[in-house]
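Structure first, commentary second.
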Amino acid sequence: MPGLALYCGSKVAPQFLVEVLAKEIGHRGVTVNSILPTATESAGVYGDGVSADFQNFIKPFRSMQRMGTPNDVANAAEYLAGDLAAFVSGQYLLVTGGAPA
């Protein structure tokens, strides 16, 4: 599949960066985490909207049977930035709707 190497690289690089940074600056009380979303409506290459054909194609790959929204990703960011995640560090949160990353 063309472009898959770039996609995979965009997922792997943040994982290693987060792990290293968390170890380097964790002693300062700083948490370091990352959010790794899959294809999200109206974001990135789908800024002009997602065709119904593509949405129907992608549904079987996601247990939640829909594409993510910018709000889904924002909610994950709000969690990681909040008090509930005060002891969460060195992690990457997959926002995929159950799809493999």
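The values are calculated or read from the model by the stated rules, or taken from the named source; none is laboratory data. Quantities reported herein were computed from a predicted structural model and do not represent experimental measurements. Here the Cβ is made from the backbone with ideal geometry for all residues, glycine too, and neighbour counts use every protein chain on show.
Quick look at the numbers
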item	result
Single match in A52, A43 (criterion: modelled with pLDDT under 80 and touching a helix residue (DSSP H, G or I) at 6+ places or on another chain (Cβ under 6 Å))	A43
Criterion violated by I58 - all others in (1) farther than 13 Å from I35 by Cα; (2) exposed (fewer than 14 other Cβ atoms within 10 Å of the Cβ) satisfied	(2)
Scan of the range 58-95 for residues that are of a type in the set (S, T, Y) and either without any contact (Cβ under 8 Å) to a residue 40 or more places away in the chain or touching a Lys or Arg at 6+ places or on another chain (Cβ under 7 Å) (or both), ordered by number	S63, T69, Y79
